[in-house]
Amino acid sequence: MLLLRGFLLLTGFFLLGESIAFVFDWPVSGGVVGMILMTLFLMLRGRVSEDLGMASQSLIAFLTMLIMPGVVGIYFLGEELAGQWLAIAGSLVIGTLLSVLTTLWLMARFMPRADREPTHD
Amino acid sequence: MTELVQRWQALPAHLLDTPLPAIAITLLAFMLGTRMFRLLKQPSWCPPVLIASAVVALLLWGLDIEFSRYREGAAWLMLLLGPATVALGVPLFQQFHHIRALWRPVLLTLPPAAMLAAGYAAGLAWALGASREVIASLAPKSVTAPIALGIIDQTGGSASVLMGGLLATGVATTLAVSLFAPRLGIHDERVLGFVLGINGHAIGTVRAFEISPTAGAFASLGMGLTGIFTALFLPLAWHLIAGQ
């Protein structure tokens, strides 16, 4: 029952987020609006109830499984991409390496000085 | 007897009228993928989703099920992606004190990082001669799947190319972070988590939760902010640069 109640709350926030995104015609998914609303709601409430904690933990554990069906599509891509594989691979691999490097550098640069030591908590 | 044979032959089509075979295949592949991932000692270059999706592809091929059929059924499972995205708000709240302490680097890093993630991908694809559709599909490669699918609706990309791009990006991100961070002397798990989330969306976030809950919270934050920011700027930039 706890799990179901938590799941109901998550679904409710998703529906609320989806409604807001739809009504205001935002190009943002309902899930993200719901996530922000959930964070704000928890900040107002000050704590995570047992049901919500349980449901969110189990869903987050299965996040990988939920994106998997979309990923399978890459094994069934047709020949329409012939001749573009180099461009695709180059863009993805080099682009990601570059953007990770830049982000690491930016974030490390903007970190407060006192915080630049490694932390383990 | 012949009637029984006929019924037997009609069985696959009958079962495939429901989404349950697709769901069973997905669950089975996920469990096998996770187990193999542990057996391989959790390699960062090969996340469970890569193994599991290969298992799905093999099962579909072995059972002679069309991919489009599978996707229809698995869409029932992917519906949970909405509530699961909302669920990320919980670790975000639980780790909020860490995030509040670092609001400045977070807000300064995010816009250039998200714009560069899309810019590098689109620029390189263009320079290497990719078609317009492929460039549109690759530009939101660092954005979490549900938002990225909404973005390509507006820029005219292909969902399959996008999903492939998301997977490759997620894998490349976990790889690049474990490769570059130690060399740059960055060990702060808040930085690592945030970088994983900005660049590697859900796959990077899963990796960050393997590091620690704090890294996971920063990754959720990075993923959410990148998604929102890119959803706002990319369609606009696309229309400005590519026209129509």
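Structure data summary
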item: Accessible surface of B:L234 - all protein chains present, 1.4 Å probe, nearest 10 Å²; result: 10
item: Where the Cα pairs of the protein assembly as shown fall when distances are cut into 10 Å bins, in %; result: 5, 24, 33, 25, 8, 2, 1, 0, 0
item: Sequence of B:I99, B:I23 when ordered by accessible area, the most exposed leading, probe 1.4 angstrom; result: B:I23, B:I99
item: Percent RCO, i.e. relative contact order, over the stretch B:1-69, from Cα pairs under 8 Å lying at least 6 residues apart; result: 27
item: Spin-label proximity, A:Q57 to the stretch B:88-122 - amide N less than 15 Å from point 7 Å beyond Cα toward beta carbon; result: B:88, B:90-92, B:94-95
item: Two-decimal log10 I(q)/I(0) for the stretch B:2-79, as the Debye equation yields it once each C-alpha is a single scatterer, q = 0.16, 0.21, 0.26 Å⁻¹; result: -0.64, -0.91, -1.15
item: Sequence-separation-based contact order of chain B, relative, with Cα cut under 8 Å and 6+ spacing, percent; result: 18
item: Among B:Y70, B:P48, B:M1 - extreme Cα towards positive end, dipole of the stretch B:1-77, charges at beta-carbon; result: B:P48
item: Sites A:I20 and B:T18, calculated FRET efficiency, Cβ-Cβ separation with R0 51 Å, nearest 0.05; result: 0.95
item: Candidates per chymotrypsin sites (Phe, Trp or Tyr not before Pro) in the stretch B:1-48, loop by DSSP, up to 16 other Cβ within 10 Å; result: B:W45
item: For the pair A and B, total buried accessible area rounded to nearest 100 Å², probe 1.4 Å; result: 7400
item: Value at 222 nm in deg cm²/dmol, rounded to 500, when DSSP H runs of n ≥ 4 in chain B each add -39,500 (n - 2.57); result: -27500 deg cm²/dmol
item: Charge dipole (debye, nearest 20) of the protein assembly as shown; +1 at Cβ of Lys and Arg, -1 at Cβ of Asp and Glu; result: 940
item: Probe 1.4 Å - accessible area at B:I25, Å² to nearest ten; result: 20
item: Point-charge dipole on Cβ atoms (K/R +1, D/E -1) for chain A, about Cα centre, debye to 20; result: 400
item: Dipole magnitude (debye, nearest 20) for chain B, charges at Cβ of Lys, Arg, Asp, Glu; result: 640
item: Positive dipole terminus of the stretch B:83-189, leading residue within B:G123, B:P112, B:P146 (C-beta point charges); result: B:P112
item: Using distinct alpha-carbon pairs, which all enter the 1/r mean, Kirkwood radius of chain B in Å; result: 19.5
item: Most to least accessible of B:H239, B:H98 (protein chains only, probe 1.4 Å); result: B:H239, B:H98
item: Area of B:K141 that stays accessible when all protein chains are in place (1.4 Å probe, Å², to 10); result: 0
item: Rg and Dmax of the stretch B:1-141, Cα atoms only, in Å; result: 21.7, 75
item: Per-residue [θ]222 nm for chain A (sum of -39500 (n - 2.57) over DSSP H runs n ≥ 4, rounded to 500); result: -23500 deg cm²/dmol
item: Stretchable slack from B:A159 to B:L27, in nm (0.36 nm times residue separation minus alpha-carbon distance); result: 45.3 nm
item: Chain A - Debye-derived log10 I(q)/I(0), Cα point model, q = 0.15 Å⁻¹; result: -1.08
item: Accessible surface, the protein assembly as shown, averaged per residue in Å² (probe 1.4 Å); result: 48
item: In sequence order, calculated HN-Hα J values of the stretch A:34-40 (Karplus, 6.51, -1.76, 1.60; Hz; x Gly/Pro); result: x, 5, 5, 4, 4, 4, 4
item: Dipole axis of the protein assembly as shown (+1 Lys, Arg; -1 Asp, Glu on Cβ), positive-most option in A:L97, B:P19, B:S160; result: A:L97
item: Largest to smallest accessible area among B:E72, A:E18 [probe 1.4 Å]; result: B:E72, A:E18
item: Phi to ³J(HN,Hα) by Karplus 6.51 cos²θ - 1.76 cosθ + 1.60 over the stretch A:20-26, Hz, x for Gly, Pro; result: 4, 4, 6, 5, 8, 6, 7
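The values are calculated or read from the model by the stated rules, or taken from the named source; none is laboratory data. Since the structure is predicted, the reported quantities are computational estimates derived from the model, not experimental observations. Neighbour counts are summed over all protein chains in view; Cβ atoms, including those assigned to glycine, are modelled from backbone coordinates with ideal geometry. All accessible areas refer to the heavy atoms of the entire protein, side chains included, with ligands and DNA or RNA removed. Shrake-Rupley method; radii C 1.70, N 1.55, O 1.52, S 1.80 Å.
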